[in-house]
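The values are calculated or read from the model by the stated rules, or taken from the named source; none is laboratory data. For clarity, every value in this text was computed on a predicted model and none was experimentally measured. Note: ideal-geometry Cβ built from the backbone for every residue, glycine included; neighbour counts use all protein chains shown.
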Amino acid sequence: METISSLSCCSVLPIERMRIMVLSYSEGSDIIIAMKLENEDALDNFIICEKCFTLHEEIPLENGTKACCSECGAILYRYDSKLPDYGLALSVTGLIFFILANLFPLVQIEILGHGQFITIPKTIFSMFENGFYFVGLLCTFLIFIFPLMIFTINMLLFTLLKMKRGKNLTKELLILLAHITPWSMTDIFLISILVALVKLIGYAQIHIGIAFWALMIFVMIDLYIVKRVRLFDIWMLRKRIIFDEDIK
Amino acid sequence: MIEIDEDKLIRCPVCGAVNIDKGKENRCRRCASAIYHHKSFSTEKSWAFLITAMIAYVPANIYPMLITKQFGSEEGNTLLGGVIMLWEHGSYPIAMIIFVASILIPVLKFLVLIYLLISVKYPIGKDKKVNKHKLYYMTEVIGPWSMIDVFVVAILAALIHLANIEIIAGMAATAFALSVFFTLLAAHAFDERLIKENK
């Protein structure tokens, strides 16, 4: 087993560290061949790196630091005591910007005196109107339904965690979130808008609308909340909260 | 007290919790989702999705992606044709982005997945040096970016809708979207633990 290389560590987590009994060492390295656990729940104190599948034991982290994999350097988990607060704040902000991005025109063009603008829903509907049902359906899910779901779920999740309620509901929400996060593609859509606009330079006059900026902010929040705050961190947060409740 | 080997510990693909490999029926102790472990058809699902994706990629390259109707005349552009046209017009960065997103990434992803699927079943002598976990992780990360072309077509078709000039999406848009969709499914269906078993 590898030890976690972290920026700094001290005992702040209420999780009691599990006692492992090392049965045998292989020659010259500290790889544990077999280990004893008190019960299956003790496995919560271990983490397997998602990139290289190395087993690590979890260590308590100082506020605002992260633990990295000693093999490949990938981030394993972070600890931040204010996670539910800014998680909730950011998901509400994101939701507001998402609504703005859908209501207002994204871009407006002018060709030979004729003007035309698009919004996100209009882009999707035009695919359906032209008979491209599969592409339309795919776009609906990838750039509308899934991002909306992710932010609504995040909002609900962090509210529940802050209220320290919904033991089973938070679990279901987290599972749902794990299934839909790989399918949210607003960031790719934003780049696509830029590519499409560059293609049009020279043919038309382009005016960028309010929704474009709203979408840009939304994508930034989306990147932060989906890519930086890992689902594993939320699972750990949930466990800590339940653990605290059980003690009381 | 339970005594287990380190090798027996597996990661739940949904929630990331560490589980004990119990053999046939593995359910995550935290989120209760199935952790696949079927020895008899471990790679078949992924193969099926991958082959579908490769079949869909053929019409995506043959048929036009964008059809431009300008003052009565119609002009179709295929995937590669669009890239070449952009290159000739001098927009090199955009040509590069489209080329990477819609040709390089899908083809690379097909090759990497084929390699992974074959190598986990029939280990080839020298490939122990290749970091397959990293390879798989990379395909997962870059995969969705091939959707750029589909989105661009959707945006252009919605935006250029005037009396004299009109852009319509072509057959290839559906085929390409299908291809990307099935490659993503193939990558998700691939059981990462097979890599570890053959190490």
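Out of all the residues in the range A:131-152, which are closer than 21 Å to residue B:169 by Cβ, among the hydroxyl-bearing types (Ser, Thr, Tyr) and more than 9 Å from chain B (Cβ to nearest Cβ)?
Matches in the range A:131-152: A:140 only.
Is it fair to say residue B:160 is more than 30 Å from residue A:53 (Cβ to Cβ), surrounded by 19 or more Cβ atoms within 10 Å (Cβ to Cβ) and within 7 Å of chain A (Cβ to nearest Cβ)?
The answer is no for residue B:160.
Consider residue B:135 carefully, then state whether it is surrounded by 15 or more Cβ atoms within 10 Å (Cβ to Cβ), assigned to a helix (DSSP H, G or I) and not polar (S, T, N, Q). Show your work before the answer.
Details: surrounded by 15 or more Cβ atoms within 10 Å (Cβ to Cβ): yes; assigned to a helix (DSSP H, G or I): yes; not polar (S, T, N, Q): yes.
So residue B:135 passes the test.
Please work out which residue is farthest from residue B:48 (Cα to Cα), limiting yourself to the range B:171-199 and to residues that are of a type outside the set (A, V, I, L, M, F, W, C) and crowded, with 21+ Cβ neighbours inside 10 Å. Can you show your working first?
Filtering the range B:171-199 for residues of a type outside the set (A, V, I, L, M, F, W, C) gives B:174, B:179, B:183, B:188, B:191-193, B:196-199.
Those left that are additionally crowded, with 21+ Cβ neighbours inside 10 Å: B:174, B:179, B:183.
On the way: B:174: 19, B:179: 12, B:183: 10 Å.
Looking at residues that are of a type outside the set (A, V, I, L, M, F, W, C) and crowded, with 21+ Cβ neighbours inside 10 Å, I get B:174.
With (1) in contact (Cβ under 8 Å) with a residue 40 or more places away in the chain; (2) within 30 Å of residue B:167 (Cβ to Cβ) as the list, and residue A:167 as the residue in question, which single condition is left unmet?
(2)
Any residue in the range A:127-148 that is free of Cβ contacts under 8 Å to residues at least 24 places away in the same chain sitting within a Cβ distance under 9 Å of a residue that is among the acidic types (Asp, Glu)? List the pairs, counting only those 6 or more apart or interchain.
Filtered contacts from the range A:127-148: A:136/A:129.
If you check A:193, A:201, which single one turns out to be facing another protein chain (nearest Cβ under 9 Å) and buried (at least 20 other Cβ atoms within 10 Å of the Cβ)?
On the way: A:201 fails: buried (at least 20 other Cβ atoms within 10 Å of the Cβ).
The match here is A:193.
Tell me whether the range A:26-47 contains one or more residues that are touching a His at 6+ places or on another chain (Cβ under 8 Å), hydrophobic (A, V, I, L, M, F, W, C), surrounded by 15 or more Cβ atoms within 10 Å (Cβ to Cβ) and at pLDDT 80 or above. It would help to see each step written out before you state the result.
We begin by selecting, within the range A:26-47, every residue touching a His at 6+ places or on another chain (Cβ under 8 Å); these are A:46-47.
Restricting the remaining residues to those that are hydrophobic (A, V, I, L, M, F, W, C) gives A:46-47.
Okay, now just the ones that are also surrounded by 15 or more Cβ atoms within 10 Å (Cβ to Cβ), so A:46-47.
Retained after the next criterion (residues that are at pLDDT 80 or above): A:46-47.
Yes; the residues of the range A:26-47 include at least one that is touching a His at 6+ places or on another chain (Cβ under 8 Å), hydrophobic (A, V, I, L, M, F, W, C), surrounded by 15 or more Cβ atoms within 10 Å (Cβ to Cβ) and at pLDDT 80 or above.
Do you know which residues across the range A:207-233 are at the interface with chain B (Cβ under 10 Å from one of its Cβ atoms) and in contact with a helix residue (DSSP H, G or I) (Cβ under 6 Å, 6 or more places away or on another chain)?
Passing the criteria: only A:231.
In the range A:70-119, what residues are within 11 Å of chain B (Cβ to nearest Cβ), over 18 Å from the mean Cα position of the chain (by Cα) and touching a residue at least 40 places away in the same chain (Cβ under 8 Å)?
A:71, A:105, A:106, A:107, A:108, A:109, A:110, A:111, A:117, A:119
Is it the case that residue A:86 is surrounded by fewer than 19 Cβ atoms within 10 Å (Cβ to Cβ) and at pLDDT 85 or above?
On the way: surrounded by fewer than 19 Cβ atoms within 10 Å (Cβ to Cβ): yes; at pLDDT 85 or above: yes.
Answer is yes for this residue.
To keep it simple, each residue is scored yes or no on (1) within 11 Å of the chain's Cα centre (by Cα); (2) surrounded by fewer than 16 Cβ atoms within 10 Å (Cβ to Cβ); (3) within 9 Å of chain A (Cβ to nearest Cβ).
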| residue | (1), (2), (3) |
| --- | --- |
| B:92 | no, yes, no |
| B:95 | no, no, no |
| B:100 | no, no, no |
| B:121 | no, yes, no |
| B:156 | no, no, yes |
| B:167 | no, no, no |
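Return yes or no: is residue A:208 within 30 Å of residue B:184 (Cα to Cα) and of a type outside the set (S, T, N, Q)?
So residue A:208 fails the test.
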